[in-house]
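The values are calculated or read from the model by the stated rules, or taken from the named source; none is laboratory data. Just so it is clear, the structure is predicted and the values come from calculations on it, not from any experiment. Backbone-built Cβ (ideal geometry, glycine too); neighbour counts: all protein chains shown.
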Amino acid sequence: MHVSVFEYRVRGMDPAEWGRVCAEELAPVFAEVPGLRSKIWLRSADGGAGGVYLWEDEAAYRAFLASDLGAGLARHPHIEGLTVRDWAVDEAATAVTGGDLQPA
């Protein structure tokens, strides 16, 4: 398994409206991304936002980055300052501490 964390600032849109766009328009698209087991959507009161993504493997993560959706995030008109970090998941230690690695 693989995890990535995307962080950015919302530009030109009220944070509450961005939340609506995420829930109603973007989340259904992300739900269909191959190899994406789950996504936790992040939002802060100061306009920060992002997501924690759990991938089947690093190949699924890399395929997403190369896809139109993944590559388009950096060009989205309401996203600025996008940063991305990724890690392999230590599944043995995660299982001991109750981390949920089951698909959504």
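Quick notes on this one:
- ALA45 exposed (fewer than 14 other Cβ atoms within 10 Å of the Cβ) and modelled with pLDDT under 95: yes
- Of all residues in region 30-62 being in a helix (DSSP H, G or I) and under 24 Å from VAL10 (Cβ atoms), the one that is farthest from the chain's Cα centre (by Cα): TYR61
- Every residue from region 16-42 that is in contact with a Gly (Cβ under 6 Å, 6 or more places away or on another chain) and under 16 Å from HIS78 (Cα atoms): TRP41, LEU42
- Cross-chain or 6+ apart pairs with Cβ under 8 Å, region 78-104 first and farther than 16 Å from HIS2 by Cβ and hydroxyl-bearing (Ser, Thr, Tyr), then at pLDDT 90 or above and surrounded by 10 or more Cβ atoms within 10 Å (Cβ to Cβ): THR83/PHE6; THR83/GLU7; THR83/TYR8
- Residue within region 67-86 that is part of a strand (DSSP E or B), exposed (fewer than 14 other Cβ atoms within 10 Å of the Cβ) and basic (Lys, Arg) present: yes
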